[in-house]
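Engineer: This is the structure, below, for whatever I ask next.
The values are calculated or read from the model by the stated rules, or taken from the named source; none is laboratory data. Here the structure is a predicted model, which means the values were calculated and not measured. Here Cβ is always computed from backbone atoms with ideal geometry, including for glycine, and neighbour counts include all displayed protein chains. For accessibility, only protein heavy atoms count, side chains too; no ligands or nucleic acids. Shrake-Rupley method; radii C 1.70, N 1.55, O 1.52, S 1.80 Å.
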Amino acid sequence: MLALILVSAFFWRLGTFNTEMAATMPAPVRLMPDILRVRGFRFFFFSREGQEPRHVHVEQAARYAKFGLEPIELVQSRGFRGSELREIHSLIADHRAKFIIAWDEHFS
């Protein structure tokens, strides 16, 4: 099991791991499902966060942010500039329905 987790993490970092690959892996390995990759940002959530209000995590290189979805608001940020956070906020607004559907499907 540990080997599967390490392999999936390796492919995530390479940017070649996608939702089709994740669907073929055992459920315990799918800990950080990708929802969207756009403009170099990776939007995802952690599988063990279903008890929290709907939110999405965003990562780009070593930078990270967490945004609530209802309403869309910044919860936490590390390394992003203000202009990047505004861009991320805009992307979340554009894809909010997709994020909510993915959250509901994953945690139901």
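Engineer: Within the range 96-108, which residues are more than 16 Å from D34 (Cβ to Cβ), small (G, A, S) and assigned to a helix (DSSP H, G or I)?
Structural biologist: If the condition is that a residue be more than 16 Å from D34 (Cβ to Cβ), small (G, A, S) and assigned to a helix (DSSP H, G or I), then A97 is the only one that fits.
Engineer: Mind checking which residues of the range 50-66 are surrounded by 14 or more Cβ atoms within 10 Å (Cβ to Cβ) and either under 16 Å from R37 (Cβ atoms) or touching a Phe, Trp or Tyr at 6+ places or on another chain (Cβ under 8 Å) (or both)?
Structural biologist: R54, H55, V56, H57, V58, E59, Q60, R63, Y64, A65 - these are the residues of the range 50-66 that are surrounded by 14 or more Cβ atoms within 10 Å (Cβ to Cβ) and either under 16 Å from R37 (Cβ atoms) or touching a Phe, Trp or Tyr at 6+ places or on another chain (Cβ under 8 Å) (or both).
Engineer: Could you tell me whether any residue of the range 75-92 is among the basic types (K, R), under 14 Å from the mean Cα position of the chain (by Cα) and open to solvent by 30 Å² or more (accessible area, probe 1.4 Å)?
Structural biologist: No; the residues of the range 75-92 include none that is among the basic types (K, R), under 14 Å from the mean Cα position of the chain (by Cα) and open to solvent by 30 Å² or more (accessible area, probe 1.4 Å).
Engineer: Then there is this: So E52 passes all but one of these: (1) among the charged types (D, E, K, R); (2) under 21 Å from E105 (Cβ atoms); (3) not in a loop (DSSP other than H, G, I, E, B). Which condition number does it fail?
Structural biologist: (3)
Engineer: Report, by residue number, each residue of the range 55-95 that is of a type in the set (A, V, I, L, M, F, W, C), at pLDDT 95 or above and in a loop (DSSP other than H, G, I, E, B).
Structural biologist: Once the filter is applied, which keeps residues that are of a type in the set (A, V, I, L, M, F, W, C), at pLDDT 95 or above and in a loop (DSSP other than H, G, I, E, B), the range 55-95 yields only F80.
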